[in-house]
Structure formats: structure tokens, C-alpha cells
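Undergrad: Take a look at the following structure, please.
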């Protein structure tokens, strides 16, 4: 599961490029809305003047239209972009503190947010949930790793298996990212469709402007205006030319249809009433406590105001000043707020510069163990969390510090990925070795030489344990194939053994009779070492007993032998050697006798080595004792220890020679 976590950690790295070029979001909104406020006056004048009839226009009016046309295009381009950004902002997402949530609650919260389909709005909340889930997941993994090591496991062999709940969460998170990506692609697709729709409207408008005048022209042009307004944003590169064509055609329409002057005047009065209502709504926003909501609503009103159409000329300037005054009051509130935050932004900048300096220490980190990488990864992610919790900075510094921070962050994970690529190579080699063992096991699974084949398969199982980790996606299949091969052989052996169960029952009866004979002999006279060894040899030669009786009959046999030994009354060194040899004889009845003997021999050799090392150490220490009563006493103690150790070595060597006889 190390790899799962790495995959969870690599997911974070994939968003770095988006963050590197990002500045302060708040400052961007500030500048865009300020630009709107400045350009709105000229836009309204241009629209009103484009609706003047030929009889009302003078030469100077045409010049005004030309001068304001570029400003209209710039404003609509900004407005189009804002509409695209706000398309997912119908409702605010409730702010929630997820720090106390369990994994189940976080999973449910994630699913609930995804179900809203407000992918841009919920994106930062989703990442907040993901970070809290990662903290719990990493803690559980860390505890599992700690328990694994405390139970004697090798840290390099640790493999964490995710719970079903973890897999569901990561699957849901992946689903969100795909849906968000598809949503953005769909938005771009819609912009292209909107572009096509607006071009079709322009074609209709051209036909209307160049066609024969009818009584339906005014209603038709109103329908065209409504259709144009309802169509969403288009690619920003097309905004300027679209608006230029649209306004030019609208100008031509009203210039060419002076016969409808009275209808236009009535229409302008209706437009005036509508725009006055918008002004009242804008004025009501001045006292709204929620500044963010006020700005959003004001932007919507600007969009609506722009599309309504011209008003009577003598009302035009006063109306615009009324709307602009209300807008400026709202924008001034926002400007005061951001001016008050400048010192906070500067403090945030200082804090982020410190975090960059701290993160720079990790960009060249390298290690050879997963544990070391995991420790450093936790530290880097802690720095990242602190970075993201730090508020916005001055806009002019935002791009540069983001580039530095995420550059160092990306370099660390690049180095980590490089390490795991090399680790994957090792795992692929382990996979190849596992496949070789599977082939050997499958070649043996139908063999009927039970004893020899069993030993070979047991050796293969021991080698399997030494292989080390294999790639996660192959691990279960490899183990399943190897286990099936081993299980097939041992199942075949068990089935074959059913035929010899009767023989085992007979062996059990013979051994129980022999145990009774040993106990009876121990109560009589004429006891001897040779007789006891004969009993043991006979017991070992009888053969196997049913598995369920194996421990019981062996325990009874050991008790009978111990009773016989006590009756012999052997003392001293001869007793130790006799008992040792006796134990080795009894081991012959154990199916794993060879392995047990090897283990005993290894243990004796280690005891000899430890004693020899102690003797050398004690002799070296004797050279440093000065001549004194206390020193002489200590020397005697060390000499006594050395003599005892040397005697013990001789006994152990004697045992080794006895083991070699078996």
C-alpha cells in the first residue's frame, strides 16, 4: 500500500502547474470589477447612441459610436469571462470544519458534494476533505507500520493493505477529478456552440438589416436581442469582433428604419422604466452586509443594464450617473476592505517566504529506504498545509512566490518518484523470481514421491518468503498460483495417506505397548543404558502414527524414558553426555529431525563463540589490573570465570561431536 499512498501524494503534485501561475484570486476579482465600473459609462452611451434615428443623429453622434465601440468590446470580453467563471456559482457552498470527521463521514461528505455537480465551486472544499482523509489514512498506515515492526517485521517488507472504505474514497475522489475535467471541457465546447449560435444570429440580423422593411421588424429585432442575451459566453478571442459586428448591425437597423421612430420612443420609455428599476436594486446593495454577495449581484445588474437597450436621449446621462453612483458606492466599500487588508497581505508574504526557505532544504533530498522517504514526505506535506492555510499576498508578488514554492515541492516529489521507479525495477526482478518458483512448484504438484517432493516444496516455500515485495497488481495472483501448486501436492498426499491410516493405527498400538514395556522395565531390576537405547531405537523404527495422536504418544514416551533414566542413577559428565545423546535419539521420531539437529548445532556453535569471546575479553582485562589486594582478588575471580568457560567449551564441543554421529 506504500504505492497507494505515493499515488495519493502524486495526485497532489499534478495540480502544481495550475498553482504556479496563479496569483491572488481576490485581487483578480478586484481589478476586473474596477475595470467594469470604469468602462460602464461609455458602454451605455454607445448603446443609446446606436439606437438614434437618422433624423435625430448628427455627424458628431457617429464619431461617439466609433470612439466607444472598442470600450464596449473590452467590457463584454471581461463580462463573458466572468460569466464563465460564475456559471457554477448558483448557491454558496456551506463552510464546514472537517477536522473532527471520521473516514466514513468524510466519504459521505465527498459523495454529497460531488452530487451537487458544482465542480468549480466545490473544488477547494473537496481538496480540504481529501487532506483530512489523508491525515487519518496516513495515521492508520503509520500505526500498522509501527505494529508490523514491533512484531518483528522488516521495515522494507512492510506492505499496507487499504480498507474497502479507503478504496471507495479514492475512487470517488478520482471520479470527481474526471467529472471536473469533463465539465471544463464541456464549458469550452459550449463556448464554441455559443459562438456558432451568435454567428447565426448575426446572419439573421444582416438579412433583417439588408432586407425589405416590414411591420414586424421591431418585434423581430427584439427577439434577436433576447436570443443574443440568452446565449452564454464565447471564446474570448471572438468577443471583440462579435460585439463590433452586432453593434454595427444594430446601428444600421435603427438608422435605416426612421419610420418606426414613434415605436422606438415608446420602446425607449419602457427601457427607461426597466433601467430605473435596476438603479433602485443597485442602490439597495449599498447597505447589504454581505459584501461578496453585493459585488456578485451588482455585476449581474451591470450585465442586465447593458443588454436592455437605449433610453430617451434627454434621460440618458442622468440615468447613467444614477446607476454609476450606486455602483461606485458598492465598489468603494470593496476598495476600503482591500486597502485595510494590505498589511495582512504583507505579513502573509513574509510567512510564505519563510516557508519557501524551509522547503528549499528538501529539494535535493535523497535516501535509500522507503521509511526515510515517508518521514520526509510527511514533513513536506506539513509545510504544504501551512502554506495553503496562509492567506493571500500582494498581487505583484503572488506569481513569483508561487513559482518558487511549487518548484521546490515538485522537485522533491520528482526525486521521490525516481526512487520508486528504481524500487519498481527491484520488484519486477522479485516477480521474475516468484514466477520461477511457481514453475518449479507446478512441476512438482503431481509427483507421488511424497517424502522427497514434500521436502522440495517446503524448501521452495522458504525461498518464497525470502523473495521480497513484488508489484502490487501481480502480488495476489502470484501468491495464489504458488499456493495452488503447493496445496495440490499436499492434498494429493493427504488423500494417499488415507490408505495407510490403518498402518498408522497399528503403529500407534505398537508404540503404546512399547511405552508400557519401558515403564514396566523401569520398575524392575537389571536396568542398563544399552536397554534404554534399544527401546528408543525400537520406538523410532516403528513408524508414523495418526497425526492426532502424535503429540500424545510422544509425550508418554518421553515420560517413560525420563522415568527409566532416573532409575539408572547416572551422575556427572557421563550423565550429561548420556542425556544429550538420549535426546538426540528421541529426536529421530520427529519428522523434522534434520532441521531440529541443524538448529541445535547452530545454537551450540554460537554458545562456543560467545564463551571464547568472553575469555578473550577477560584475559585482556587481567592485563590492566595493578598489584594490590583488591586487584589480586579480582584476578582470582576472572581466572575462575575463564576456567569455567573453558570447561563449558569442552562440554559443548563434545556435544558437537555427538551430533555429527547422527
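The values are calculated or read from the model by the stated rules, or taken from the named source; none is laboratory data. Predicted model, so just to flag it, every value in this text is computed and none were measured. A quick note on method: Cβ atoms are made from the backbone with ideal geometry, for glycine too, and the neighbour counts reach across all protein chains shown.
Undergrad: Which count do you get for residues in segment 525-554 that are out of contact with any helix residue (DSSP H, G or I) (no Cβ under 9 Å at 6 or more places or on another chain) and more than 23 Å from residue 500 (Cα to Cα)?
TA: 4
Undergrad: Answer with yes or no whether residue 352 is touching a helix residue (DSSP H, G or I) at 6+ places or on another chain (Cβ under 8 Å), modelled with pLDDT of 90 or more and within 27 Å of residue 395 (Cα to Cα). Give the steps one after another, and end with the answer.
TA: Details: touching a helix residue (DSSP H, G or I) at 6+ places or on another chain (Cβ under 8 Å): yes; modelled with pLDDT of 90 or more: yes; within 27 Å of residue 395 (Cα to Cα): yes.
It is true that residue 352 is touching a helix residue (DSSP H, G or I) at 6+ places or on another chain (Cβ under 8 Å), modelled with pLDDT of 90 or more and within 27 Å of residue 395 (Cα to Cα).
Undergrad: For the condition part of a helix (DSSP H, G or I), at pLDDT below 80 and either within 58 Å of the chain's Cα centre (by Cα) or surrounded by 14 or more Cβ atoms within 10 Å (Cβ to Cβ) (or both), what is the one hit in 625, 638, 662, 557? Steps first, please.
TA: Values: 625 fails: part of a helix (DSSP H, G or I); 662 fails: part of a helix (DSSP H, G or I); 557 fails: at pLDDT below 80.
After ruling out the rest, the residue left standing is 638.
Undergrad: Something else about it: Could you please let me know if residue 168 is assigned to a helix (DSSP H, G or I), in contact with a helix residue (DSSP H, G or I) (Cβ under 9 Å, 6 or more places away or on another chain) and under 30 Å from residue 224 (Cα atoms)? Before the answer, list the steps.
TA: Details: assigned to a helix (DSSP H, G or I): yes; in contact with a helix residue (DSSP H, G or I) (Cβ under 9 Å, 6 or more places away or on another chain): yes; under 30 Å from residue 224 (Cα atoms): no.
No, not satisfied.
Undergrad: Where the second residue is surrounded by fewer than 15 Cβ atoms within 10 Å (Cβ to Cβ) and modelled with pLDDT under 90 and the first is closer than 16 Å to residue 423 by Cβ and lies in segment 359-374, which pairs have Cβ atoms under 6 Å and are six or more apart or on separate chains?
TA: Pairs found: 371/155; 373/367.
Undergrad: Continuing with this model, one more query. How many residues are within 16 Å of residue 426 (Cβ to Cβ) and surrounded by fewer than 15 Cβ atoms within 10 Å (Cβ to Cβ) if we restrict to segment 351-370?
TA: Qualifying residue count for the region: 3.
Undergrad: Further question on the same structure: Tell me the residue from 101, 119 that is over 19 Å from the mean Cα position of the chain (by Cα) and surrounded by 17 or more Cβ atoms within 10 Å (Cβ to Cβ), please. Walk me through how you get there before you give the answer.
TA: On the way: 101 fails: over 19 Å from the mean Cα position of the chain (by Cα).
Going through 101, 119 in turn, the sole match is 119.
Undergrad: Related question: Residues being under 22 Å from residue 318 (Cα atoms) and in contact with a helix residue (DSSP H, G or I) (Cβ under 7 Å, 6 or more places away or on another chain): count how many of those fall in segment 277-294. Steps first, answer last, please.
TA: Applying the first criterion (under 22 Å from residue 318 (Cα atoms)) to segment 277-294 yields 277-286.
Among the residues that remain, those that are also in contact with a helix residue (DSSP H, G or I) (Cβ under 7 Å, 6 or more places away or on another chain) are: 278-279, 281-283, 285-286.
Residues in segment 277-294 being under 22 Å from residue 318 (Cα atoms) and in contact with a helix residue (DSSP H, G or I) (Cβ under 7 Å, 6 or more places away or on another chain): 7 in total.
Undergrad: Looking at segment 128-142, which of its residues are touching a residue at least 12 places away in the same chain (Cβ under 8 Å) and under 13 Å from residue 99 (Cα atoms)?
TA: Listed by number, the residues that qualify are 128, 129, 130, 131, 132, 133, 134, 136.
Undergrad: Looking at (1) modelled with pLDDT of 80 or more; (2) farther than 30 Å from residue 111 by Cα; (3) surrounded by 11 or more Cβ atoms within 10 Å (Cβ to Cβ), can you tell me which one residue 163 breaks?
TA: Of everything listed in (1) modelled with pLDDT of 80 or more; (2) farther than 30 Å from residue 111 by Cα; (3) surrounded by 11 or more Cβ atoms within 10 Å (Cβ to Cβ), residue 163 misses just condition (2).
Undergrad: Assess whether residue 304 counts as being under 30 Å from residue 415 (Cβ atoms), without any contact (Cβ under 8 Å) to a residue 40 or more places away in the chain, in a helix (DSSP H, G or I) and out of contact with any strand residue (DSSP E or B) (no Cβ under 6 Å at 6 or more places or on another chain).
TA: Values: under 30 Å from residue 415 (Cβ atoms): no; without any contact (Cβ under 8 Å) to a residue 40 or more places away in the chain: yes; in a helix (DSSP H, G or I): yes; out of contact with any strand residue (DSSP E or B) (no Cβ under 6 Å at 6 or more places or on another chain): yes.
Here the answer is no, as residue 304 does not meet what is asked.
Undergrad: Condition test on residue 317, is it part of a helix (DSSP H, G or I) and under 49 Å from the mean Cα position of the chain (by Cα)? Please lay out each step first, then the result.
TA: Working: part of a helix (DSSP H, G or I): yes; under 49 Å from the mean Cα position of the chain (by Cα): no.
In short, no.
Undergrad: Okay, next question. From 380, 311, which residue is surrounded by 17 or more Cβ atoms within 10 Å (Cβ to Cβ) and not in a helix (DSSP H, G or I)? Walk me through how you get there before you give the answer.
TA: Details: 380 fails: not in a helix (DSSP H, G or I).
Unique residue meeting the criteria: 311.
Undergrad: Name the one entry in 447, 492 that is over 30 Å from residue 161 (Cα atoms), surrounded by 14 or more Cβ atoms within 10 Å (Cβ to Cβ), at pLDDT below 90 and touching a helix residue (DSSP H, G or I) at 6+ places or on another chain (Cβ under 8 Å).
TA: Details: 492 fails: touching a helix residue (DSSP H, G or I) at 6+ places or on another chain (Cβ under 8 Å).
The conditions single out 447.
Undergrad: Go over the candidates 176, 170 one by one and state the one that is touching a residue at least 12 places away in the same chain (Cβ under 8 Å), surrounded by 12 or more Cβ atoms within 10 Å (Cβ to Cβ) and under 23 Å from residue 423 (Cβ atoms). Full working, then the answer.
TA: Working: 176 fails: under 23 Å from residue 423 (Cβ atoms).
Of the residues listed, the single one that is touching a residue at least 12 places away in the same chain (Cβ under 8 Å), surrounded by 12 or more Cβ atoms within 10 Å (Cβ to Cβ) and under 23 Å from residue 423 (Cβ atoms) is 170.
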